[in-house]
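Visitor: Attaching a single structure in structure tokens format; questions to follow.
The values are calculated or read from the model by the stated rules, or taken from the named source; none is laboratory data. Just so it is clear, the model here is predicted, and its values are computed rather than measured. Note: ideal-geometry Cβ built from the backbone for every residue, glycine included; neighbour counts use all protein chains shown.
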Amino acid sequence: MKKLITLLPILMAITLLFSACSDKPADINSQGNNPNSQTSQPASESEDTTKYATEMWDSAKMNGLEPPKADINSEVQDTGLVKYGFSNMKKANAEKYVEYLKKSGYTVSPVELNSTNYRAANGGYEVIFKYSTYDSDGNGSGEIQMVKK
């Protein structure tokens, strides 16, 4: 009986150890990446945005705008202001996003510094889009702000 009482805790510890080693955490995918992390994989040419960007972007706070084709990796909100930081955006996609802003009606008092930096108003809102290229593959980063006037 004394041997059984001594062995029982050891057997329970071994059982727990094996079960802990065989279970994978639920939030880690097969490549070992956390799908809920703030950085996601760059958007491919066939996707509109990354899953994380779509989940983080609040279209209502951005006056109905869709997220840019990039990784959204920061958000700042204050009274009358919402700002998103992004990365892993191709220059061509930044140029397309500026065109999208124009087609969406952001054409009042426009300031266009170049094809990827734009500032304009529409119906009591001002949008500010800034982009800069930072690597030889044409990927860049920047921010987009929506300011309620």
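Visitor: Check Ser141 against each of (1) surrounded by 13 or more Cβ atoms within 10 Å (Cβ to Cβ); (2) not in a strand (DSSP E or B) and name the one condition it does not meet.
Guide: Checking Ser141 against (1) surrounded by 13 or more Cβ atoms within 10 Å (Cβ to Cβ); (2) not in a strand (DSSP E or B), the one that fails is (2).
Visitor: Quick one: which of Tyr84, Tyr52 is of a type in the set (Phe, Trp, Tyr), surrounded by 12 or more Cβ atoms within 10 Å (Cβ to Cβ) and at pLDDT below 55?
Guide: Of the residues listed, the single one that is of a type in the set (Phe, Trp, Tyr), surrounded by 12 or more Cβ atoms within 10 Å (Cβ to Cβ) and at pLDDT below 55 is Tyr52.
Visitor: Related question: Quick one: Tyr131 ticks every box in (1) closer than 15 Å to Pro67 by Cβ; (2) part of a loop (DSSP other than H, G, I, E, B) bar one, so which box is it?
Guide: In the conditions (1) closer than 15 Å to Pro67 by Cβ; (2) part of a loop (DSSP other than H, G, I, E, B), Tyr131 misses (2) alone.
Visitor: Let me ask something else about it. For the stretch 96-120, which positions are farther than 15 Å from Ala70 by Cα and of a type in the set (Val, Ile, Thr)?
Guide: Thr107, Val108, Val111, listed by residue number.
Visitor: Can you tell me which residue is surrounded by the most Cβ atoms within 10 Å (Cβ to Cβ) among those in the stretch 87-122 that are assigned to a loop (DSSP other than H, G, I, E, B) and either β-branched (Val, Ile, Thr) or at pLDDT 95 or above (or both)?
Guide: This residue is Tyr106.
Visitor: Can you tell me which residue is surrounded by the fewest Cβ atoms within 10 Å (Cβ to Cβ) among those in the stretch 55-81 that are in a strand (DSSP E or B) and among the acidic types (Asp, Glu)?
Guide: Asp78
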